[in-house]
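The values are calculated or read from the model by the stated rules, or taken from the named source; none is laboratory data. These numbers come from a predicted model, not from an experiment. Every residue, glycine among them, receives a Cβ derived from its backbone with ideal geometry; neighbour counts consider all protein chains shown. With ligands, DNA and RNA removed, areas are computed over all heavy atoms of the protein, side chains included. Shrake-Rupley method; radii C 1.70, N 1.55, O 1.52, S 1.80 Å.
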Amino acid sequence: MKAWLTFSPNIVSKPIISNLVKNYDITFNILRADITPKGGKMLIEISGTQQKQAIDFMGKEGIHLNPINKVVKKDEEKCIDCGACISLCPVEAIKPAEDWTIEVDDLKCIGCSFCTNSCPTRAIRVME
Amino acid sequence: MWDIMKTIREINQRIKDGDAVVVTAAEMTAIVRENGAKQAAEEIDVVTTGTFGAMCSSGAFLNFGHSDPPIKMSRTYLNGVEAYSGLAAVDAYLGATQPNRNPDIGLEYGGSHVIEDLIRGNEIELIAEAYGTDCYPLTEIKTQITLESINEAVMVNPRNCYQNYSSATNSTDETLYTYMGTLLPNMGNVSYSSAGELSPLLNDPYFQTIGTGSRIFLCGAQGYIIGEGTQFATEVERKNGVPVSTAGTLMLRGNMKEMHSDYVRGATMPKYGSTLYVGAGIPIPILNEELAQRTAISDEEITCRIVDYGVPRRSKPIVREANYHELKSGVIELNGVEVPTSPLSSQKKALEIALKLKEWIDKGEFLLTVPVEKLPSKGRTVKPLEIQKPRILVKDLKGEALILAHPTDAISEVARKMVQNSINHLPVVDEGNKLLGIVTSWDVANAVAHGKNKLTDVMTKKVIIAREEEPVDVIARRIDKNKISGLPVIDSDNRVKGMVTAEDISRLIGGD
C-alpha cells in the first residue's frame, strides 16, 4: 500500500518511523520525504503481516495517514506518446509498449515529478 | 542509372483502379530483406512514411475577413498570443513559438496552442489594434472567432521534417532545458528526435521523387511541399546514403480547415518555449529498383550523432555516433556508462500517419503528384551568421588586482580584505592558487553571527565559475540563471585568474 503521511510540528522530533520498523513485521520504503521542524509529508510504501497494527500505531503517535490508489496519472487525451519522459524517470516506471504507447507503471512510481515538469503537453500529473 | 520500371501516371491509374500496392516504410524494410529490391520494385507501387515531431518553424497565415466598418489591423492577439500583422489589412501570421503576452502564462500557452485550439474548433478571442485610415476607420476590435468563422487559415511551415537530427546529451553538472527536452546532468540521458526508418526524407535521401508540388499528408489534411525548407543542406557526411546530421528540410502548406487535431498538437518544451507537434507523411513512388532499396532502409542503417548540449555554442562537441536501432532500444552506452534514451517525436503517431496515408491511397482518395521541380540534391550548405562586432571573451575583461583568501585565514582577516578593497566575493585558494571555494560578505556576516571562526565552515565549496575562453555573453546568462553577482575566472589548470562580476558585464553591455 502507498500512502502519504502527514507529520504535525509537535511530533517531528520523535523517532516514530524507527519504532515502527522495530516493533512491527513490516517492510517500509520511503519514496519521498519533506520534513522540517514545521512538520511535513512523507510518501511511503508499506507491506507485511502487521500492516494494520503498524498503521494504528502511526495514528496513535499523531501521524495522519492518507492511503493513495494512484501516485501518477497520465491523461490519455493529452498524451501524444512522444516519450520525452522515459529517460527522465529515475525508477524506470515509464516504458514504451511494443507499439510505442507510453506506459506508466504506477507501482514503481515514486512521484518525483520529473516527468510532470518535462511533459511537452502536460499530460502527466502526480496525485497529491 | 536505374531503369524506370513505372511512372507516377501509371501508379495513379492503379490507385484509381484500386490495384495499387501500398506499404509503409517499416513494412518495406522487411519486404526487401526477404525478396530483394528488384522483386519489391516490381510489386510495390508506393511506400508511405510518417513523422510526428516538435517542429518550431511552423505557423499559420490567417485571413480574418473584413469587418464593417473595416479595420487595417496593425497588431493582433489570439487568446493573448500576438500574430505578426505587418501584412495587408486583415492578414496575419501566427508563429508556433510566439509566447503569450501575459507573462504569467508565457510559454505555457503560445502560438502552437492557438493553432491546436483553432483546429479543434474552439473559440478564440481576437483582439486587433489599428491606427485608423480613411478607408479603414476602425481602430480596435475585440471579438470571438473560430476556424470555421474566419475567412481563411493556411498552415505554412518554413522548416519541417528535418532529414536527420543530432541526439542530445548534457555533460555539465546542472539540468538543461532545451528544445530537445530536459537534459539531465552528467550525461544522465539522451534525447533523439527522428522517426528513423519511417522518417520521410530518410526514405528518399537524394530527393529523386520529392519536390515542390509533392502532395503529402499534413496534420490530417492533404497538403503540399512548396519548396525546400530553410536551413536546407546537401553537402553533409552520409552513411548508407543518408545524412548523419541535419541536412534536407521541407517547406509545407496545408489548409487548416481540413486538418484534424489527432495529427497536430501545441506543446511546451519546459523553460524553452512553445512548439508545434506536426504530423507529416510523404508517399514515395517506387519507380525503380534503387527507390525500392532506398525505402528499405532500416533503423540499424541510419546513423545519428549524439552531441553535447552542455556547450552552448553553434558547433557542439560530438560525443559518439549511434544508429536508431540502438537509440530506440532505450539505453545507450556513453563513456562506458549505460544511459537511458528518450524519443522526442512520437514513434507511435509516426506509424499511425504512415498507415493513414496508406489507407487514403488504398481507398483512391489520395493521388500522387509529379513535382514541378525536385528539391536540390547537391551544392547546398547552410551559412552561419557572423557577428561583426568582435566577440569578447572573459580573458579580454580588464582584470583588477587579484585578491584571494586561503583556508587558514581568520574570518576577521577576510572581512578586512573585503572592506579594504570594496569587494563582496573572495575566491578561496590553495597554495597553487587552485580554487577551493568562494566566500561572500554574507558568509562572513553569517560566521560572525554564529560564532564560527574557520573559513572552510562558511565558504561555498560548489562554485559556479567562468573559464577564460568563454564568451562574456555566456557568462551574463550564467550569472542571470544562477542569481549570483560574481564568479571566479579559472584557467585551464583550474588556477584562479580573477573575478568577473555582474557589474563588469553590465558596464560592458551598457557601454556599447
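Some values worked out for this structure:
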item	result
Filtered residue count, the range B:438-447, keeping only those that are in contact with a helix residue (DSSP H, G or I) (Cβ under 7 Å, 6 or more places away or on another chain) and either under 20 Å from B:Asp493 (Cα atoms) or open to solvent by 40 Å² or more (accessible area, probe 1.4 Å) (or both)	2
Qualifying residue in the range B:84-105 (condition: acidic (Asp, Glu), at pLDDT 95 or above and under 16 Å from B:Thr275 (Cα atoms))	no
Single match in B:Ser193, B:Ser149 (criterion: touching a strand residue (DSSP E or B) at 6+ places or on another chain (Cβ under 7 Å) and hydroxyl-bearing (Ser, Thr, Tyr))	B:Ser193
Test: residue in the range A:34-52 that is within 18 Å of the chain's Cα centre (by Cα) and under 18 Å from B:Lys349 (Cα atoms)	no
Count of the range B:161-175 residues which are modelled with pLDDT under 95 and of a type in the set (A, V, I, L, M)	0
All positions within the range B:179-193 that are open to solvent by 10 Å² or more (accessible area, probe 1.4 Å) and either more than 17 Å from B:Val311 (Cα to Cα) or assigned by TED's automatic domain parsing to the domain that holds B:Leu107 (or both)	B:Ser193
Matching residues, the range B:217-236, being more than 16 Å from B:Ala247 (Cβ to Cβ) and in a loop (DSSP other than H, G, I, E, B)	B:Cys219, B:Gly220
Given (1) open to solvent by 20 Å² or more (accessible area, probe 1.4 Å); (2) among the hydroxyl-bearing types (Ser, Thr, Tyr); (3) assigned by TED's automatic domain parsing to the domain that holds B:Tyr177, number of the condition B:Thr381 does not satisfy	(3)
Of residues in the range B:297-325 being away from chain A (no Cβ under 14 Å) and acidic (Asp, Glu), the one least open to solvent (accessible area, probe 1.4 Å)	B:Asp308
Of all residues in the range A:68-101 being away from chain B (no Cβ under 14 Å) and not polar (S, T, N, Q), the one that is surrounded by the most Cβ atoms within 10 Å (Cβ to Cβ)	A:Val71
B:Ala354, sole failed condition from (1) farther than 30 Å from B:Ser214 by Cα; (2) in contact with a strand residue (DSSP E or B) (Cβ under 8 Å, 6 or more places away or on another chain); (3) crowded, with 16+ Cβ neighbours inside 10 Å	(1)
Meets criteria (free of Cβ contacts under 8 Å to residues at least 24 places away in the same chain, within 14 Å of chain B (Cβ to nearest Cβ), open to solvent by 60 Å² or more (accessible area, probe 1.4 Å) and at negative phi) for A:Lys52	no
Leading residue by the ranking (least open to solvent (accessible area, probe 1.4 Å)) among those in the range B:120-159 that are acidic (Asp, Glu) and more than 19 Å from B:Leu87 (Cβ to Cβ)	B:Glu125
Residues of the range B:234-266 satisfying the condition of being more than 14 Å from chain A (Cβ to nearest Cβ), touching a strand residue (DSSP E or B) at 6+ places or on another chain (Cβ under 8 Å), of a type in the set (A, V, I, L, M) and open to solvent by less than 10 Å² (accessible area, probe 1.4 Å)	B:Val242, B:Val244, B:Leu250, B:Leu252, B:Met256
Verdict on B:Tyr162 being aromatic (Phe, Trp, Tyr), surrounded by fewer than 20 Cβ atoms within 10 Å (Cβ to Cβ), in the same structural domain as B:Ser329 (by TED's automatic domain parsing) and closer than 24 Å to A:Ser87 by Cβ	no
Answer residue from the range B:326-335, given it is open to solvent by 10 Å² or more (accessible area, probe 1.4 Å) and at pLDDT 95 or above and is nearest to the other protein chains (Cβ to nearest Cβ) among those	B:Gly330
Leading residue by the ranking (farthest from the other protein chains (Cβ to nearest Cβ)) among those in the range A:102-128 that are surrounded by 18 or more Cβ atoms within 10 Å (Cβ to Cβ) and more than 22 Å from A:Ile44 (Cβ to Cβ)	A:Ala123
B:Gly229 vs. criteria within 14 Å of chain A (Cβ to nearest Cβ) and under 16 Å from the mean Cα position of the chain (by Cα)	no
Residue pairs meeting the criteria (Cβ under 7 Å; at least 6 apart or on separate chains; first of a type in the set (Ser, Thr, Tyr), in the range B:441-467; second part of a loop (DSSP other than H, G, I, E, B) and open to solvent by less than 50 Å² (accessible area, probe 1.4 Å))	B:Thr456/B:Pro407
Single unsatisfied condition, B:Pro270 versus (1) at pLDDT below 95; (2) open to solvent by 20 Å² or more (accessible area, probe 1.4 Å); (3) within 14 Å of chain A (Cβ to nearest Cβ)	(2)
A:Ser13 vs. criteria open to solvent by 80 Å² or more (accessible area, probe 1.4 Å) and small (Gly, Ala, Ser)	yes
From B:Asp204, B:Asp173, residue being more than 14 Å from chain A (Cβ to nearest Cβ), part of a loop (DSSP other than H, G, I, E, B) and within 25 Å of B:Ile297 (Cβ to Cβ)	B:Asp204
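Here's the yes/no breakdown for (1) under 30 Å from B:Ser149 (Cβ atoms); (2) of a type in the set (Ser, Thr, Tyr); (3) open to solvent by 20 Å² or more (accessible area, probe 1.4 Å); (4) touching a Lys or Arg at 6+ places or on another chain (Cβ under 9 Å):
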position: B:Gly18; (1), (2), (3), (4): no, no, yes, yes
position: B:Val23; (1), (2), (3), (4): no, no, no, yes
position: B:Met28; (1), (2), (3), (4): no, no, no, no
position: B:Ala40; (1), (2), (3), (4): no, no, no, no
position: B:Glu43; (1), (2), (3), (4): no, no, yes, no
position: B:Met55; (1), (2), (3), (4): yes, no, no, yes
position: B:Asn63; (1), (2), (3), (4): yes, no, yes, no
position: B:Pro70; (1), (2), (3), (4): yes, no, yes, no
